[in-house]
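The values are calculated or read from the model by the stated rules, or taken from the named source; none is laboratory data. Just so it is clear, the model here is predicted, and its values are computed rather than measured. Cβ sites come from the backbone with ideal geometry, for glycine too, and all protein chains shown count toward neighbours. Accessible surface areas use protein heavy atoms only, side chains included; no ligands, DNA or RNA. Shrake-Rupley method; radii C 1.70, N 1.55, O 1.52, S 1.80 Å.
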Amino acid sequence: MSTVEPGWQFASDNTAGICPEAWSALEAANVGYAPSYGDDHWTARASDLIRALFECPQAQVFFLFNGTAANSLSLAAVCRSYHAVICHEQAHINTDECGAPEFFSQGAKLLPVPGPGAKLTPSAVLRALDRRDDVHSSKPRAISISQTTEWGSVYQPAEVAALGALAREHGLALHMDGARFANALAAVGTGSGTGAHAADLTWRAGVDVLSLGGTKCGLNTTEAVVFFQPQLAAEFDYRAKQGAQLASKMRFQTSQWVGVLESGAWQRHAAHANASAARLAASLHRELGLNPLRPVEANAVFIELDPAVADAMGKAGWHFHRMGEAGYRLMCSWATLPEDLEAFVHDLKSAATGRSHP
């Protein structure tokens with residue numbers, strides 16, 4: 001009998017707590033006094049560490065409270081109200097931002113298009129560009145891609161580069177929603193054996209602006225917007241202030257980045273989450289004969305369950321989400337433990353075979 005209490009372990013990587021390295025950094029920042037509004041040494045250090053991570057000394061870095069603001073304000077920075085943003089129909093900015101990208105850009109239209117694995121392809125973007133090109137239609141100005149996608153797929157460097165080249169050809173900016181960028185980098189980066197670096201997934205492939213995720217990697221209330229093209233960042237500080245995103249005690253946002261980047265925990269935790277998802281998928285196949293509906297590329301596992309089984313798991317205390325045609329989503333995080341995996345699979349096996357929960 002497992003001693004693990006069923007709960008929110010697999011509902012989202014947002015449900016995990018603050019990772020130890022970020023917590024320690026918060027404690028260190030919580031000593032004495034420091035300048036307000038980002039004029040502190042923690043913020044300077046965090047910005048330098050992010051520039052070093054991406055090998056881009058000229059990058060402009062801003063720290064915001066959440067991913068919705070990071071996506072919406074960065075898109076607003078590259079778009080005017082009569083512009084349009086081409087994105088996948090399953091993109092977070094299209095399905096889960098409550099119209100914030102349109103609101104903060106004062107009307108820029110999202111142009112959602114389909115694509116396999118929740119990924120944009122150059123051909124899909126071209127079809128969107130070919131729809132209309134007259135003054136009666138919103139003028140495309142940006143492409144936005146999610147890394148990783150809402151269905152857990154990962155853009156390879158060559159796929160990003162193909163979209164980057166297309167963006168350049170058509171005078172578009174390329175935005176990346178990198179809420180789970182660390183997981184993507186762990187999947188295709190140097191640790192995976194491919195030799196890819198953060199720069200290869202971003203500015204070297206044509207990405208102009210990145211919403212860099214902290215929350216899903218164990219930080220609290222801190223995301224970064226990274227402009228690889230400095231001219232696009234003009235007056236972004238004013239935009240962030242107007243959007244209620246300027247933190248007075250910014251050191252408590254940025255010290256967390258220092259803690260995870262200096263220690264290497266940011267990438268280490270992402271690799272752990274990915275590996276946990278792979279172990280979960282293997283265990284589900286071994287114990288129940290369940291195969292993922294989609295390849296496990298990062299920290300998400302999608303499976304199909306009988307609704308009665310899913311309901312039984314919910315009554316037992318386990319929480320996870322239905323993601324439409326993608327199936328039920330199980331997310332792993334920096335905090336996922338082997339015993340969490342064992343307990344979940346054990347209880348799912350019990351629910352699937354009709355045995356009572358022990």
Cα convex hull of segment 171-295: mean projected area in nm², to one decimal? 10.3 nm²
In nm, give the distance between the simple-model label positions of Thr15 and Lys315, each being 7 Å from the Cα along the Cα-to-Cβ direction. 1.9 nm
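Assigning unit charges at the beta carbon (Lys, Arg +1; Asp, Glu -1) and nothing else, what dipole magnitude in debye, to the nearest 20, does segment 164-217 show about its Cα centre? Before the final figure, lay out the partial values.
Working: 4 positive and 4 negative charges, 28 e Å.
Computed charge dipole of segment 164-217: roughly 140 debye.
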Protein accessible area in segment 6-135, 1.4 Å probe - carbon and sulfur %: 54 percent
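Kindly state, as a whole number, the per residue volume in cubic angstrom of the convex hull around the alpha carbon atoms of segment 223-355. Walk me through the numbers on the way to the answer.
Working: hull volume 23.0 nm³, N = 133.
Cα-based convex hull of segment 223-355, divided per residue, equals 173 Å³.
With the alpha-carbon atoms as the only input, what is the per residue convex hull volume for the chain in Å³? Spell out each step's value before the answer.
Numbers: hull volume 48.6 nm³, N = 358.
Residue-normalised Cα hull volume stands at 136 Å³.
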How far apart, in nm, are two points set 7 Å out from the Cα along the Cα-to-Cβ line at Gln229 and at Trp23? 4.2 nm
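Before anything else, pin down the relative contact order of the chain: Cα pairs under 8 Å, at least 6 apart, normalised by residue count, whole percent.
Contact order relative to length: 25 percent.
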Accessible area per residue for segment 118-179 in Å², computed with a 1.4 Å probe and the full protein assembly in place, what is it? 41 Å²
Show the residues, 5+ positions off or on another chain, whose built amide H is closer than 5 Å to the amide H of Met250. Tyr37, Gly38
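Place a +1 charge on the Cβ of each Lys and Arg in segment 86-216 and a -1 charge on the Cβ of each Asp and Glu, then give the dipole magnitude about the Cα centre in debye, rounded to the nearest 20.
Dipole size: approximately 100 debye.
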The lysines whose Cα lies under 18 Å from the Cα of Lys119, excluding any fewer than 8 residues away in the same chain, are none
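Within 10 Å of each candidate Cβ there may be at most 12 other Cβ atoms; applying that plus a DSSP loop requirement, which GluC sites (Glu not before Pro) in segment 161-235 survive? Write out the running numbers ahead of the final one.
Working: sites: Glu169, Glu223, Glu235; in loops: Glu235.
Qualifying residues, ordered by number: Glu235.
Which whole-number percentage describes the relative contact order of segment 219-331, with Cα contacts under 8 Å and a sequence gap of 6 or more?
Worked out over segment 219-331, it gives 18 percent.
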Can you give the local net charge around Met250? Use residues other than it whose beta-carbon is closer than 9 angstrom to its beta-carbon, Lys and Arg +1, Asp and Glu -1. 0
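List the chymotrypsin sites (Phe, Trp or Tyr not before Pro) within segment 1-71 that DSSP assigns to loop and that have no more than 10 neighbouring Cβ atoms inside 10 Å. Please list the in-between numbers first.
Working: sites: Trp8, Phe10, Trp23, Tyr33, Tyr37, Trp42, Phe54, Phe62, Phe63, Phe65; in loops: Trp8, Phe10, Tyr33, Tyr37, Phe54, Phe65.
Taking segment 1-71 and a limit of 10 other Cβ atoms within 10 Å, the loop chymotrypsin sites (Phe, Trp or Tyr not before Pro) found are Tyr33.
Taking every DSSP beta bridge with both residues inside the chain, roughly what % is antiparallel (nearest 5)? Walk me through the numbers on the way to the answer.
Numbers: 15 of 34 bridges.
The antiparallel proportion sits near 45 percent.
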Using Cα centres only, tell me the gap between segment 100-117 and segment 32-79 in whole Å. 24 Å
Considering the alpha-carbon set of segment 36-117 alone, what are its Rg and its Dmax in angstrom? 15.5, 46
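Suppose only helical runs count, i.e. DSSP H with n ≥ 4. What mean residue ellipticity at 222 nm does that imply for the chain under -39500 (n - 2.57) per run, divided by all residues and rounded to the nearest 500 deg cm²/dmol?
Working: 13 runs with 143 residues, N = 358.
Value at 222 nm, helices only, nearest 500: -12000 deg cm²/dmol.
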Of the candidates Phe228, His272, Ala351, the farthest towards the positive dipole end of the chain (Lys/Arg Cβ +1, Asp/Glu Cβ -1, centred on the Cα centre) is Phe228
Kyte-Doolittle mean at least -0.5 and Cα extent at least 30 Å along the axis: which DSSP H helices of the chain qualify? 265-288
How far is the Cα center of segment 316-341 from the Cα center of segment 251-314, in Å? 7 Å
With point charges of +1 on the Cβ of Lys and Arg and -1 on the Cβ of Asp and Glu, referenced to the Cα centre of the chain, which listed residue (Gly107, Cys19, Ala312) lies farthest in the positive direction of the dipole? Gly107
May I ask you to compute the full-extension gain from Tyr37 to Asn220, defined as 0.36 nm times their residue separation minus their alpha-carbon distance, rounded to one decimal in nm? 64.1 nm
What is the dipole size for the chain, taken about its Cα centre, with +1 at each Lys and Arg Cβ and -1 at each Asp and Glu Cβ, in debye to the nearest 20? 400 debye
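Give, in nm to one decimal, the length gained when the segment between Arg286 and Ala44 is fully stretched (0.36 nm per residue of separation minus the Cα-Cα distance).
Values: separation 242, 0.36 × 242 = 87.12 nm, distance 4.85 nm.
Stretched fully, the Arg286-Ala44 segment lengthens by 82.3 nm.
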Sparse-neighbour loop sites [GluC sites (Glu not before Pro); segment 303-343; at most 16 other C-beta within 10 Å; DSSP]: Glu304
Over segment 46-185, what relative contact order in percent results from Cα pairs under 8 Å that are six or more residues apart? 23 percent
Once the Cβ-Cβ distance between Ser248 and Ser81 is put in as r, and R0 is 30 Å, what FRET efficiency do you end up with, to the nearest 0.05? 0.50
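State in Å² the accessible area per residue of segment 260-324; use a 1.4 Å probe, count heavy atoms of protein chains only, and round to the nearest integer.
Working: 2960 Å² over 65 residues.
Averaged over the residues of segment 260-324, the accessible area is 46 Å².
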